[in-house]
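Each remark here refers to the structure printed beneath this line.
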Amino acid sequence: MNLSVKILIALGLGIIAGLSLGAEGAKFAAAWIGPLGTIFMNMIKMLIVPLVFSSLVIGVCALGDIKKIGRIGAKTVGWYLGTTFFAIILGLAFGLIFEPGVGVNMPGADVKAAAKAAPPIMKVIVDIFPTNPLDAMLKANMLQIIVFALFLGIAITGVGERAEYLKRTIDGLAEVSYKMVGYIMKFAPIGVFGLVAPVVAANGPAVLLPLLKVIIAVYLACIIHALFVYGCLVKFVGGLSPVAFFKTVMPASLLAFTSCSSGGTLPVNMECADKLGVSREVSSFVLPLGATINMDGTAAYQGVCALFIAQIYGVDLTAGQYLTILLTGTLASIGTAGVPGAGFIMLTMILTAIGLPLEGSALIAGIDRILDMPRTSVNVTGDACVNYLVDRSEKSK
Ligand code: ASP
């Protein structure tokens, strides 16, 4: 039986176990089943820093010249921004069609949940540049690690012969990290079961029903974005059957769905890219960048949620406000870290930009984990899609 099927079965079993444990069993699920998922994710996460660092350095060295890095970089960022933009439009469309906020009452109670505001844009940009690369690694600050690794790769290429030993060592680290991911993934079904059961137990039907429309709108926007946008891109630009694409990246998409972490799924996404036939040289550049800046699912979610909150306050948005949502949403999704719940914090940035009360997001806070699942899955699938497209266009040169 292949891994995707095993993971799917584990997902199904996790949902059944969660539903049968229910709200009374939620504590038990968190205490005794949850750790299976936590251990699995810890094992995967322990590889993120060595893997991203080493594979990026080697990726840059393999590209060889600055021109090629610039070309691949431009293509990658272009695709990432384009798909994200489209995702927000889709999110807004679903927010308009479903009107999830119409008729919802805003409880005054848990306003505090939404009080954490997003950082200002300039700070996000300045923070990309590390003062201490080791500190960046200790804190697993992906953007800073990316900047350092890119520089190191360029410098190793610049030095040439005398840096050969360093290059080989880093190459060895990359290979060993991939190997470890492969070993750990054998336990993915157990991990997925452990991740899902407690979430389902804690978020039974009673929690979900009142906000069902938001949930449906976000899920549909995510599913349609993935199937339609990625499906078409892979087929018409990449020349690959969408079925083959989705099947191959399924382990990464499912792990993202259950773990709600693009960063955590990165090692697995890299393994799937190998199976798609994407060259390591491209994957090791495009995927770490995507796990950090490309968040299409988050963008779609932000579109739906911004409209939802406007609707509960009875605010009719102007054309200018829609445009602001598009622009800040794209920026917010770039600034969103690939960790659980990050998109929710960035939602406050959009609300502030269009002048909606932050308190509105308190309603979302309660169901955010359920919305995090599809959006993270789309985030990761989007990275895989762009990775494939960039590789294709490089190979056709
Ligand atoms: N959890 C998402 C991710 O890791 C980010 C988000 O919260 O939207 O991709």
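Selection among G91, T324, A256 by position relative to the dipole of the chain gives A256 as farthest towards the positive end (Cβ unit charges, Cα centre).
Can you tally the net charge around N294? Count Lys and Arg as +1, Asp and Glu as -1, for every other residue whose Cβ sits under 15 Å from the Cβ of N294.
0
Karplus-derived 3J(HN,Hα) values for the stretch 378-388, using 6.51 cos²θ - 1.76 cosθ + 1.60 with θ = phi - 60°, are 5, 3, 6, 5, x, 4, 4, 5, 4, 4, 5 Hz; glycine and proline are entered as x. Of the peptides 192-203, 343-354, 231-242, the ranking by mean beta-carbon count within 10 Å, highest at the top, reads 192-203, 343-354, 231-242. Counting every other Cβ atom within 10 Å of each residue's Cβ, F148, F257, F228 order from fewest to most as F228, F148, F257.
When the Kirkwood radius is taken over all Cα pairs of the chain, what Stokes-Einstein diffusion coefficient follows at 20 °C and 1.002 mPa s, in µm²/s? After rounding, the answer is 100 µm²/s. Shown here for the stretch 166-200: trypsin sites (Lys or Arg not before Pro) in loop regions (DSSP other than H, G, I, E, B) with at most 15 other Cβ atoms within 10 Å, namely K186. Across the stretch 33-48, rounded Karplus estimates of 3J(HN,Hα) from the backbone phi angles (6.51 cos²θ - 1.76 cosθ + 1.60, θ = phi - 60°) give 9, x, x, 4, x, 5, 4, 4, 5, 4, 4, 5, 5, 4, 9, 4 Hz, Gly and Pro being marked x. Between the helical axis of 280-293 and the longest alpha-carbon principal axis of the chain there is an angle of about 30 degrees. The alpha-carbon of K275 sits under 29 angstrom from the alpha-carbons of these lysines, leaving out residues fewer than 8 places away in its chain: K6, K45, K67, K68, K75, K167, K179, K186, K235, K247, K395, K397. Rounded to the nearest 10 degrees, the angle from helix 319-335 to the longest Cα principal axis of the chain is 50 degrees. Coupling constants for the stretch 212-227 follow from the phi torsions by the Karplus curve (6.51 cos²θ - 1.76 cosθ + 1.60, θ = phi - 60°), and in residue order they are 4, 5, 5, 4, 4, 4, 5, 4, 5, 4, 5, 5, 5, 4, 5, 5 Hz; glycine and proline get x. In plain terms, the chain from T131 to K247 could stretch by 37.6 nm, reckoned as 0.36 nm per residue minus the Cα-Cα distance.
Fewest to most neighbouring Cβ within 10 Å: what's the order for Y301, Y80, Y313?
On the way: Y301 35, Y80 24, Y313 12.
By the 10 Å Cβ count, ascending, the order reads Y313, Y80, Y301.
Once a ≥ b ≥ c are taken as the square roots of the eigenvalues of the Cα gyration tensor of the stretch 27-105, is the result rounded (a/c under 1.5), prolate (a/b larger than b/c) or oblate (a/b not larger than b/c)? The shape class here is oblate. Summing charges over neighbours of V386, with a neighbour being any other residue whose Cβ is under 14 Å away from its Cβ, gives -2 when K and R count +1 and D and E count -1.
Using a Förster distance of 51 angstrom, determine the FRET efficiency expected from the C-beta separation of A163 and L96, and round it to 0.05.
Numbers: r = 55 Å, r/R0 = 1.08.
Approximately 0.40, to the nearest 0.05.
Computed from the coordinates by the stated procedures, all read-outs in this text should not be read as laboratory data. The shown structure was predicted, so the numbers you read here are calculated from the model rather than taken from an experiment. Virtual Cβ from ideal backbone geometry, glycine too; neighbours counted across all protein chains shown.
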